[in-house]
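Asker: Have a look at this one.
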Amino acid sequence: QPANFSNPDMPRPSYPSSKAAQMKKPTDWDKLEAEITLEDAEEKPEGDSALNALFKDIYGKADEDTRRAMNKSFQESGGTVLSTNWGDIGAKTTDIQPPSGMEAKKYGE
């Protein structure tokens, strides 16, 4: 009969480790997982990852028109424009707007 681990009073199964690790005290994998999850939650992104997290948050909380505007503006401009206003973006084609001092070129030029 299989063991019922849903009972909190039952001991958790131990996971196999290498021989060297068996000489030491056993690793509590649940505790280790909880620590790593906590560290990941407290870690603040920096640089590009912070910017991507910001846009991901904006897109995730946006309504359907805002998402549509973000997708259309980004695709039509080749990634140089990101707008959240569907009223402006939906009525016209979004032009490519390279950063100052840069020149937009088509692929293969």
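What follows draws every value from the coordinates through simple rules; no lab data is involved. Note that this is a predicted model, so its numbers are computed, not measured. Heads up, the Cβs are rebuilt from the backbone with ideal geometry, glycines too, and the neighbour counts pull from every protein chain shown.
Asker: For the pair Ala104 and Ala91, how long in nm is the line joining their label points, each one 7 Å along Cα→Cβ?
Answerer: 2.0
Asker: Using the Cα gyration tensor of the range 19-109, with a ≥ b ≥ c the square roots of its eigenvalues, what is the shape: rounded (a/c below 1.5), prolate (a/b larger than b/c) or oblate (neither)? Don't jump to the answer; show the numbers that get you there.
Answerer: On the way: a/c = 4.16, a/b = 2.43, b/c = 1.71.
Because a/c hits 1.5 or more and a/b exceeds b/c, the range 19-109 counts as prolate.
Asker: Determine ³J(HN,Hα), in whole Hz, for all residues of the range 29-46 in sequence, where each value follows from phi through the Karplus function 6.51 cos²θ - 1.76 cosθ + 1.60 and θ = phi - 60°; x replaces Gly and Pro.
Answerer: Running phi through 6.51 cos²θ - 1.76 cosθ + 1.60 with θ = phi - 60° gives 5, 5, 5, 4, 4, 5, 5, 5, 4, 5, 4, 5, 5, 7, 5, 9, x, 10 Hz.
Asker: Applying a 10 Å radius around every beta-carbon, put 73-79, 26-32 in order of their mean neighbour count, most first. If you can, show how the numbers build up before the last one.
Answerer: Details: 73-79: 15.7, 26-32: 10.9.
Highest-to-lowest ranking by the protection proxy: 73-79, 26-32.
Asker: Can you compute the FRET efficiency between Asp63 and Glu42 using 1/(1 + (r/R0)^6), with r the Cβ-Cβ distance and R0 = 35 Å? Round to the nearest 0.05. Before the final figure, lay out each step's value.
Answerer: Values: r = 31 Å, r/R0 = 0.87.
The value I calculate is 0.70.
Asker: Taking 0.36 nm per residue of sequence separation and subtracting the Cα-Cα distance, how much length would be gained by fully extending the chain between Leu82 and Leu54, in nm to one decimal?
Answerer: 8.8 nm
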